[in-house]
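Engineer: Next up is a structure, given as C-alpha coordinates.
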Amino acid sequence: METSQQGPYSGPNGISDPEKPHRKKWLKYLGYLAILLTVEAIIVVILFLTIFRIHTPTITVQAIRVENLAAINGTLLPQSGTNFTVITDMRVRNINFGAFNFPARNTTIYYNGVAIASSMGPPGSARSRNSRNINTTVDVPMEAQGQNLSSDLRSGRIVIHSSTRLRGRVRIFIIINRRVTATTNCFITIDAAFSGISSFGCGSTITV
(Lines give C-alpha, C1' and ligand atoms only; values in the text may rest on other atoms or scores of the structure.)
Protein backbone atom coordinates (compact mmCIF):
# COMPACT_ATOMS: atom_id res chain seq x y z
CA MET A 1 0.00 0.00 0.00
CA GLU A 2 1.43 3.27 -1.05
CA THR A 3 1.17 6.34 1.14
CA SER A 4 1.33 9.79 -0.35
CA GLN A 5 3.12 12.52 1.57
CA GLN A 6 2.68 16.17 0.66
CA GLY A 7 6.00 17.89 0.71
CA PRO A 8 6.84 21.58 0.65
CA TYR A 9 5.32 23.80 -1.98
CA SER A 10 6.70 23.22 -5.41
CA GLY A 11 6.48 25.45 -8.37
CA PRO A 12 5.23 24.41 -11.77
CA ASN A 13 8.53 22.70 -12.43
CA GLY A 14 8.38 20.81 -9.17
CA ILE A 15 10.88 23.16 -7.51
CA SER A 16 9.98 24.57 -4.09
CA ASP A 17 9.95 28.36 -3.52
CA PRO A 18 11.91 29.04 -0.29
CA GLU A 19 11.26 32.82 -0.54
CA LYS A 20 7.48 32.62 -0.18
CA PRO A 21 7.38 32.12 3.66
CA HIS A 22 9.73 35.10 4.03
CA ARG A 23 7.54 37.23 1.79
CA LYS A 24 4.49 36.36 3.88
CA LYS A 25 6.36 37.31 7.04
CA TRP A 26 7.49 40.65 5.62
CA LEU A 27 3.99 41.41 4.35
CA LYS A 28 2.67 40.74 7.84
CA TYR A 29 5.28 43.09 9.36
CA LEU A 30 4.46 45.78 6.82
CA GLY A 31 0.77 45.44 7.67
CA TYR A 32 1.53 45.87 11.38
CA LEU A 33 3.71 48.89 10.59
CA ALA A 34 0.98 50.48 8.47
CA ILE A 35 -1.55 50.03 11.29
CA LEU A 36 0.90 51.50 13.81
CA LEU A 37 1.62 54.53 11.63
CA THR A 38 -2.11 55.08 11.06
CA VAL A 39 -2.81 55.00 14.80
CA GLU A 40 0.06 57.40 15.48
CA ALA A 41 -1.20 59.78 12.79
CA ILE A 42 -4.69 59.74 14.33
CA ILE A 43 -3.22 60.45 17.78
CA VAL A 44 -1.16 63.37 16.43
CA VAL A 45 -4.23 64.85 14.72
CA ILE A 46 -6.27 64.52 17.92
CA LEU A 47 -3.51 66.20 19.94
CA PHE A 48 -3.26 69.14 17.54
CA LEU A 49 -7.04 69.55 17.57
CA THR A 50 -7.25 69.50 21.38
CA ILE A 51 -4.16 69.91 23.58
CA PHE A 52 -1.89 71.64 21.05
CA ARG A 53 -4.60 73.92 19.67
CA ILE A 54 -4.23 77.56 20.66
CA HIS A 55 -7.43 78.94 22.16
CA THR A 56 -7.96 82.65 22.60
CA PRO A 57 -7.68 83.74 26.25
CA THR A 58 -10.77 85.63 27.36
CA ILE A 59 -10.53 88.99 29.08
CA THR A 60 -13.44 90.14 31.22
CA VAL A 61 -13.70 93.61 32.73
CA GLN A 62 -15.12 93.19 36.21
CA ALA A 63 -15.16 96.75 37.49
CA ILE A 64 -14.11 100.29 36.64
CA ARG A 65 -13.83 103.11 39.14
CA VAL A 66 -12.68 106.71 39.17
CA GLU A 67 -10.65 108.18 42.01
CA ASN A 68 -9.24 111.56 42.99
CA LEU A 69 -12.44 113.51 42.38
CA ALA A 70 -12.90 116.74 44.29
CA ALA A 71 -16.21 117.91 45.72
CA ILE A 72 -17.64 120.91 43.88
CA ASN A 73 -21.09 122.25 44.67
CA GLY A 74 -22.05 119.06 46.47
CA THR A 75 -21.12 116.75 43.56
CA LEU A 76 -17.93 114.85 42.81
CA LEU A 77 -16.24 116.77 40.00
CA PRO A 78 -12.55 117.03 39.17
CA GLN A 79 -10.93 120.40 39.71
CA SER A 80 -9.35 122.16 36.74
CA GLY A 81 -5.61 121.62 36.55
CA THR A 82 -5.73 118.31 38.40
CA ASN A 83 -5.83 114.66 37.44
CA PHE A 84 -8.32 111.91 38.09
CA THR A 85 -7.50 108.21 38.06
CA VAL A 86 -9.25 105.47 36.12
CA ILE A 87 -8.77 101.99 37.61
CA THR A 88 -9.96 98.92 35.72
CA ASP A 89 -10.18 95.44 37.26
CA MET A 90 -9.98 92.60 34.73
CA ARG A 91 -9.77 88.83 34.70
CA VAL A 92 -7.69 86.94 32.12
CA ARG A 93 -8.91 83.35 31.64
CA ASN A 94 -6.53 80.99 29.88
CA ILE A 95 -8.06 77.69 28.75
CA ASN A 96 -4.92 76.50 26.93
CA PHE A 97 -2.74 73.62 28.10
CA GLY A 98 0.16 76.07 28.27
CA ALA A 99 0.78 79.35 30.06
CA PHE A 100 -0.16 82.72 28.56
CA ASN A 101 2.69 85.14 29.29
CA PHE A 102 2.38 88.86 28.60
CA PRO A 103 5.54 90.91 29.20
CA ALA A 104 3.65 94.20 29.45
CA ARG A 105 0.22 95.75 29.11
CA ASN A 106 -0.67 99.17 27.80
CA THR A 107 -3.80 101.20 28.59
CA THR A 108 -4.75 104.36 26.71
CA ILE A 109 -7.60 106.75 27.50
CA TYR A 110 -9.31 108.61 24.63
CA TYR A 111 -11.67 111.56 24.69
CA ASN A 112 -13.38 112.76 21.51
CA GLY A 113 -11.13 110.37 19.58
CA VAL A 114 -7.94 111.93 20.98
CA ALA A 115 -5.49 110.01 23.19
CA ILE A 116 -5.22 112.02 26.41
CA ALA A 117 -3.44 109.60 28.78
CA SER A 118 -1.73 106.21 28.87
CA SER A 119 0.13 103.92 31.21
CA MET A 120 2.17 100.72 31.10
CA GLY A 121 1.43 97.84 33.47
CA PRO A 122 3.83 95.24 34.81
CA PRO A 123 4.34 91.85 33.14
CA GLY A 124 2.22 88.89 34.14
CA SER A 125 1.02 85.45 33.17
CA ALA A 126 -2.02 83.22 33.36
CA ARG A 127 -1.17 79.62 34.13
CA SER A 128 -2.38 76.68 32.09
CA ARG A 129 -6.19 76.34 32.30
CA ASN A 130 -6.37 79.01 34.97
CA SER A 131 -7.39 82.64 35.50
CA ARG A 132 -5.46 85.69 36.57
CA ASN A 133 -6.82 88.94 38.01
CA ILE A 134 -5.09 92.12 36.86
CA ASN A 135 -5.81 95.84 37.03
CA THR A 136 -4.71 98.93 35.17
CA THR A 137 -4.33 102.45 36.53
CA VAL A 138 -4.25 105.58 34.38
CA ASP A 139 -3.91 109.18 35.60
CA VAL A 140 -5.96 111.44 33.33
CA PRO A 141 -5.23 115.20 33.27
CA MET A 142 -8.28 117.43 33.12
CA GLU A 143 -6.70 119.58 30.38
CA ALA A 144 -4.80 117.47 27.86
CA GLN A 145 -4.31 117.61 24.09
CA GLY A 146 -6.63 120.60 23.82
CA GLN A 147 -9.46 118.78 25.65
CA ASN A 148 -11.08 120.41 28.69
CA LEU A 149 -12.74 117.56 30.55
CA SER A 150 -13.46 119.67 33.62
CA SER A 151 -15.58 122.17 31.69
CA ASP A 152 -17.38 119.41 29.77
CA LEU A 153 -18.14 117.46 32.93
CA ARG A 154 -19.63 120.52 34.60
CA SER A 155 -22.22 120.54 31.83
CA GLY A 156 -23.44 117.06 32.92
CA ARG A 157 -21.44 114.11 31.68
CA ILE A 158 -18.53 112.94 29.58
CA VAL A 159 -17.82 109.64 27.80
CA ILE A 160 -14.24 108.41 27.65
CA HIS A 161 -12.85 105.41 25.80
CA SER A 162 -10.37 103.09 27.52
CA SER A 163 -8.31 100.63 25.47
CA THR A 164 -6.11 98.00 27.13
CA ARG A 165 -3.78 95.82 25.07
CA LEU A 166 -2.08 92.63 26.22
CA ARG A 167 0.68 91.31 23.99
CA GLY A 168 2.02 87.92 24.91
CA ARG A 169 2.65 84.32 23.91
CA VAL A 170 1.02 80.99 24.57
CA ARG A 171 3.61 78.25 25.03
CA ILE A 172 2.61 74.57 25.09
CA PHE A 173 5.54 72.37 26.10
CA ILE A 174 8.40 73.05 23.66
CA ILE A 175 6.31 72.42 20.56
CA ILE A 176 3.90 75.36 20.28
CA ASN A 177 4.92 78.96 20.92
CA ARG A 178 2.49 81.43 19.38
CA ARG A 179 1.98 85.17 19.79
CA VAL A 180 -1.40 86.44 21.01
CA THR A 181 -2.58 90.04 21.18
CA ALA A 182 -5.69 90.87 23.18
CA THR A 183 -7.35 94.29 23.16
CA THR A 184 -10.16 95.27 25.50
CA ASN A 185 -12.15 98.43 24.75
CA CYS A 186 -14.46 100.13 27.22
CA PHE A 187 -16.71 103.16 26.90
CA ILE A 188 -17.11 104.84 30.27
CA THR A 189 -19.72 107.43 31.14
CA ILE A 190 -18.81 109.79 33.98
CA ASP A 191 -21.93 111.59 35.15
CA ALA A 192 -22.05 114.49 37.57
CA ALA A 193 -25.52 113.44 38.75
CA PHE A 194 -24.14 110.00 39.75
CA SER A 195 -21.05 111.51 41.37
CA GLY A 196 -18.81 109.27 39.28
CA ILE A 197 -19.24 106.50 36.73
CA SER A 198 -22.86 105.93 35.78
CA SER A 199 -22.26 103.15 33.25
CA PHE A 200 -19.65 101.36 31.17
CA GLY A 201 -19.59 98.78 28.41
CA CYS A 202 -16.65 96.67 27.28
CA GLY A 203 -15.73 94.27 24.51
CA SER A 204 -12.63 92.26 23.69
CA THR A 205 -10.89 91.40 20.43
CA ILE A 206 -8.06 88.87 20.30
CA THR A 207 -5.61 88.24 17.49
CA VAL A 208 -3.67 84.97 17.29
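Engineer: If you take every residue apart from R127 with its C-beta less than 13 Å away from the C-beta of R127, what net charge results, scoring Lys and Arg +1 and Asp and Glu -1?
Structural biologist: +4
Engineer: For I190, what accessible area in Å² do you get when you roll a 1.4 Å probe over the heavy atoms of the protein chains, rounding to the nearest 10?
Structural biologist: Looks like 10 Å² after rounding.
The values are calculated or read from the model by the stated rules, or taken from the named source; none is laboratory data. Since the structure is predicted, the reported quantities are computational estimates derived from the model, not experimental observations. Methodologically, a virtual Cβ is constructed for each residue, glycine included, from the backbone with ideal geometry; neighbour enumeration extends over all protein chains shown. Note: areas computed on protein heavy atoms with side chains; ligands, DNA, RNA excluded. Shrake-Rupley method; radii C 1.70, N 1.55, O 1.52, S 1.80 Å.
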